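A short worksheet on the structure shown next.
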Amino acid sequence: KSQSRASVNSHLLATKLRPPAIPPQRTQRPHLVRRLNDGLEAGRQITLLSAPAGFGKTVCVGDWVRTLDWPVAWLTLDPADDEPQRFFTYFFAALQQAAPGVGAEIAALLAAGQLPPGDIISATPINDLLAAEHRFLLILDDLHLIQDRFILQVLQTLVGNLPPALHLVLLTREDPDLPLARLRARNQLTEIRAGDLRFTRPETADLLSQVMGLSLSQFDIASLADKTEGWIAGLQLAGLSIRDRADPSGFIAGLRGTHRFILSYLTEEVLQRRQPEIQDFLLQTSILERLNGALCDAVTGRAGSAQLLEQLLTANLFLIPLDDEGRWYRYHPLFADLLCDRQLARSEGETADLHRRASRWYAQAGLAGEAIDHALAAADYAATVARSEVRTACGGQPNWPTG
């Protein structure tokens, strides 16, 4: 049986089936390990880590599994895996790392070029694992790369019928198309999100001073923590740029999302991965300090911005909610810097027109201060004067709309 498994899996890339290497020097985060362990002890069967690029999801789980006595099956996904034959070939190969023999018949069919029906693919590991004596973890890393409907339907069936032996860990940049609300209501889901993964100031100090070996003042560390809002990749990229600088304080004071390291990372890992219409929306709305559906509709000239903002939030696209009702949002400041510069470079005339539209919307909403700011940004001095007069007449008291 071991020989047949070796022949079936000999064509697979072994590094996809192993936990990635963890940097030997890193900031320890025992509170996250405790939260993940609490989920296991509570008997929850699914752990979800959902956060934007560069928030340390893989390192967090890599640290966690090294503290466990449980067997671990790990599958790191890539864009080519968004195809059923390839995905399930690797999926069953990963399962067999922790539970030898599970899905052996399906794996043999896949190796022979045959794709069984979805209900058979999902039922096989469920049935095979019902009699398993030991629990184990199956970790799917970069799950956001999987969009194929056939694959997702099989995963939905599996999630809805997980055998007791299997604990599923999902690492993703956007929430997967799975019944998360139902799992949450049944207390079957442990969630770690961007707010949990952000570095605190003490963790920022440890990363910059102990891990990266930088000599920075407490003021500079606090300033860098504020500018990055705990975004780990941003801290690391900034730290790399600070090395050998004669004036690190000056660099930190002027740090923006257009610094070449941060620019390259956000462009390659975030912006370029979105569809062109989403990129257009992001660039056009980057002129706004706060976003809501009606305002974005007015600025972009499109309808349905409220729903799109909800989708961007679900996709963890560096969008931060400002209320519990899902009405107002803002972009992460470094991401906003990148978007604003891209928009201005694309067309100064279009950017000015976007500001004029924002100014009109704010004026109609009775928000004279914001209306004046955007009129000034558009160099529309006539509108600036008119809205200044309105602000004076109204006593300068804004009345934020809720729509």
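The values are calculated or read from the model by the stated rules, or taken from the named source; none is laboratory data. Just so it is clear, the model here is predicted, and its values are computed rather than measured. Cβ: placed from backbone, ideal geometry, glycine included. Neighbour counts: every protein chain shown. When the accessible area is computed, the model is the full protein with side chains, heavy atoms only, and any ligands, DNA or RNA have been set aside. Shrake-Rupley method; radii C 1.70, N 1.55, O 1.52, S 1.80 Å.
Restricting to DSSP H runs of at least four residues, report the calculated mean residue ellipticity at 222 nm for the chain, -39500 (n - 2.57) per run over all residues, nearest 500 deg cm²/dmol. After summing the helix terms and dividing by residue count, I get -15500 deg cm²/dmol. Please list, by residue number, everything in region 257-296 whose backbone N is under 16 Å from a paramagnetic label point 7 Å out along Cα→Cβ of LEU322. Counting only backbone N, you get 285-296. Simple point charges give the picture: +1 on the Cβ of Lys and Arg, -1 on the Cβ of Asp and Glu, and for the chain a dipole about the Cα centre of about 440 debye.
Using a probe of 1.4 angstrom and keeping all protein chains present, the accessible surface of region 164-206 works out to 42 square angstrom per residue. Using the Karplus relation 6.51 cos²θ - 1.76 cosθ + 1.60 with θ = phi - 60°, the per-residue 3J(HN,Hα) values for region 195-200 come to x, 7, 8, 4, 6, 6 Hz, with x marking Gly and Pro. Please work out whether region 126-178 counts as rounded, prolate or oblate from its C-alpha gyration tensor, where a ≥ b ≥ c are the square roots of the eigenvalues and a/c under 1.5 means rounded, while otherwise a/b larger than b/c means prolate and anything else oblate? Because a/c hits 1.5 or more and a/b fails to exceed b/c, region 126-178 counts as oblate.
Please report the base-10 log of the normalised intensity I(q)/I(0) for region 116-262, using a Debye sum with one equal scatterer per alpha carbon and no solvent, at each q in 0.08 (1/Å). Log-scaled intensity ratios, in q order: -0.39. Taken about its Cα centre, region 55-201 carries a charge dipole of roughly 540 debye when the Cβ of each Lys and Arg holds +1 and the Cβ of each Asp and Glu holds -1.
The simple Förster model, with R0 at 51 Å and r as the Cβ-Cβ distance, assigns HIS31 and ALA382 a FRET efficiency of 0.40. The share of accessible area on the chain that comes from carbon and sulfur is 50 percent, using a 1.4 angstrom probe. Sequence-ordered 3J(HN,Hα) estimates for region 284-293 from the Karplus curve with 6.51, -1.76 and 1.60 and θ = phi - 60° stand at 5, 8, 5, 6, 9, 6, 10, 10, 9, x Hz, glycine and proline given as x. When the charge dipole of region 143-220 is built from unit charges on Cβ atoms (+1 for Lys and Arg, -1 for Asp and Glu) and taken about the Cα centre, the candidate among LEU143, GLN156, GLN218 whose Cα reaches farthest toward its positive end is GLN156.
Work from the charge dipole of region 1-150 (Cβ charges, +1 for Lys and Arg, -1 for Asp and Glu, about the Cα centre) and give the residue of GLN97, LEU68, HIS134 farthest towards its positive end. Comparing the listed Cα positions along the dipole, LEU68 ranks first. Across region 271-279, rounded Karplus estimates of 3J(HN,Hα) from the backbone phi angles (6.51 cos²θ - 1.76 cosθ + 1.60, θ = phi - 60°) give 5, 5, 8, 8, 5, x, 5, 6, 4 Hz, Gly and Pro being marked x.
A 1.4 Å probe, protein heavy atoms only, puts the accessible area of THR89 near 20 Å². Would you work out which of GLN114, PHE88, LEU170 lies farthest towards the positive end of the dipole of region 66-187, given +1 charges on the beta-carbon of Lys and Arg and -1 on that of Asp and Glu, about the Cα centre? Farthest towards the positive end: LEU170.
Placing a pseudo-label 7 Å from each Cα along the Cα-to-Cβ vector at ARG330 and GLN311 gives an inter-label distance of 2.6 nm. For region 310-368, with only Lys/Arg (+1) and Asp/Glu (-1) charged at the beta-carbon, what is the dipole magnitude about the Cα centre, in debye rounded to 20? Value, rounded to 20: 200 debye. Could you grab the Rg to Rh ratio for region 1-134? Cα atoms only, Kirkwood for Rh. For region 1-134, the value is 0.98. Amide H to amide H distances under 5 Å link GLU191 with LEU48, where only residues 5 or more positions off or on other chains count and H is placed in the peptide plane. Is region 50-104 best put as rounded, prolate or oblate by its Cα gyration tensor, with a ≥ b ≥ c the root eigenvalues, rounded for a/c under 1.5, and otherwise prolate when a/b is larger than b/c, oblate when not? Oblate, because a/c is 1.5 or more while a/b does not exceed b/c. The largest accessible area among SER215, SER241, SER347 belongs to the first residue in SER215, SER347, SER241, and the rest follow in falling order (1.4 Å probe, all chains). Once you order the gyration tensor axes a ≥ b ≥ c over the Cα atoms, which shape class does the chain get: rounded for a/c under 1.5, otherwise prolate or oblate by comparing a/b with b/c? It comes out prolate by the Cα gyration axes. Of the residues ARG243, ARG357, ranked by 1.4 Å probe accessible area with the largest first, the sequence reads ARG243, ARG357.
The distance from the alpha carbon centre of region 130-181 to that of region 39-81 is 11 Å, rounded to a whole number.
With a 10 Å radius around each residue's Cβ, average the other Cβ atoms per peptide and rank 329-337, 118-126, highest first.
Packing proxy ranking, top to bottom: 329-337, 118-126.
The label point for SER223 and the one for LEU130, both projected 7 Å from the Cα toward the Cβ, are 6.4 nm apart.
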